[in-house]
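The values are calculated or read from the model by the stated rules, or taken from the named source; none is laboratory data. Source: prediction; values computed, not measured. Cβ placement follows ideal geometry from the backbone for every residue including glycine, while neighbour counts extend to all protein chains displayed. Accessible surface is based on the protein model in full, side chains and every heavy atom, while ligands, DNA and RNA are left aside. Shrake-Rupley method; radii C 1.70, N 1.55, O 1.52, S 1.80 Å.
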Amino acid sequence: RPATPAPGGHPEPSDPEPVDHSKIHPLVREMADLHVGNIACCLCGVPTSASTAYEGMCATCTGSQVDITSGIERTVEIEMCKGCERWFRNPGWAVAQLESAELLTLCLRKLRGLKHVRLVDAAWIWTEHHSRRLRVKLTVARDLVGASGSTYVTCLQQSLVVEYVVRTRNCDACNKVAAKDTWQAKVQVRQKTEHPRTLLALEQHMLKHQKSRVALREVKRVGDGLDFIFGRRQDAHRFALGVCALAPCKCKASSSLVSANAKTGTSNVRHVWAVEIAPLCRDDLVLLPKGVAPSLPPLALVSRIGASPRLASHPPPCARAAGCSSLTDHSCGQEPRSTW
């Protein structure tokens, strides 16, 4: 601030500007603190540099007396959907496995008091699955300025354990499933056979792929197949294409209008995919009609089921005469609709 001239003509002295210690070169700091001596710690009496002492205490006593974690919550509530096991992240729901990095990020966002400290590390502490408790060990740090007028900063690091209490409730999608007849997309899988081996193989395929299990809302058992209910049309369409890639199928899509609002321009439409799987399973004996597979005998054994089934048959007489007696594997080479 410029000096203001006094009534007698002499300028008044201006106020001294505060010194920003962060802009001082480290070498200048060391030269400025060379004349500073040691003092005795006010608690344990250990000689400590006066420039690094925090309120007259050494580093060990500072760590035991100063608590930088006092403003951090120790108990936090977190919500989980008991139907689909997703976690609430305002304003929606997120998919995360237990003790995963995604769930750890979600838990840290719900914790209050981390603005005044620096997060160094975060790790899970194992807990029982049925206890509805999640425990996280946090390591935080904070810079403490030394004595008055000192240019040194002491970094204090401490650890604490935060416990998260899991509260369960239903998400919006599970509430719609719990209500009667409120589905939006359905895949009807049917197979007219005496044994559901193809449906069991479909179940094992779903267990390997987590994405289809997360998108799936409900499974209903019917007479000759299963009904898979999804919350979104895109998930049901993707699942129907996956079923058609596992076995020869006939797929037919349809939609029906339930209700419409002319003022807002919205409508409630239900989508249905009717998927019929060919009545073929592994180790089935089939009779081939004439002209379907000229290179195969009339009777063949189904060796593998896929988008196009593979058939195994005995070699021709000329090959058996040459000593080849094992079954040969052939592909039908037909389109899925031609399997019927």
Condition first: open to solvent by 60 Å² or more (accessible area, probe 1.4 Å) and either aromatic (F, W, Y) or modelled with pLDDT under 85 (or both). Now tell me which residues in the stretch 158-175 satisfy that.
D172, N175
Take the residues in the stretch 83-115 that are in contact with a Lys or Arg (Cβ under 7 Å, 6 or more places away or on another chain) and within 19 Å of K176 (Cβ to Cβ); name whichever of them is least open to solvent (accessible area, probe 1.4 Å).
A94
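Of everything in the stretch 215-252, what is farther than 30 Å from A94 by Cβ, open to solvent by less than 70 Å² (accessible area, probe 1.4 Å) and not in a loop (DSSP other than H, G, I, E, B)? Give them in sequence order. I'd like the intermediate steps shown before the answer.
Here is the first cut: in the stretch 215-252, the residues farther than 30 Å from A94 by Cβ are 221-225, 244, 247-252.
Next cut, open to solvent by less than 70 Å² (accessible area, probe 1.4 Å) only: 222, 224-225, 244, 247-251.
Those that are farther than 30 Å from A94 by Cβ, open to solvent by less than 70 Å² (accessible area, probe 1.4 Å) and not in a loop (DSSP other than H, G, I, E, B): G225, C244, C249, K250, C251.
For A278, state whether it is modelled with pLDDT under 85 and open to solvent by less than 20 Å² (accessible area, probe 1.4 Å). Walk me through how you get there before you give the answer.
Values: modelled with pLDDT under 85: yes; open to solvent by less than 20 Å² (accessible area, probe 1.4 Å): yes.
Criteria met by A278.
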Please list, ordered by first then second residue, the pairs with beta carbon atoms under 8 Å, 6 or more apart or interchain, first in the stretch 67-80 and under 21 Å from L98 (Cβ atoms), second polar (S, T, N, Q) and open to solvent by 10 Å² or more (accessible area, probe 1.4 Å).
E79/T168; M80/T168
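Can you tell me which residue among T193, T151 is more than 30 Å from T60 (Cα to Cα), out of contact with any Phe, Trp or Tyr (no Cβ under 8 Å at 6 or more places or on another chain) and either modelled with pLDDT of 85 or more or in a loop (DSSP other than H, G, I, E, B) (or both)? Break it down into steps so the answer makes sense when it comes.
On the way: T151 fails: more than 30 Å from T60 (Cα to Cα).
Every option except T193 fails the conditions.
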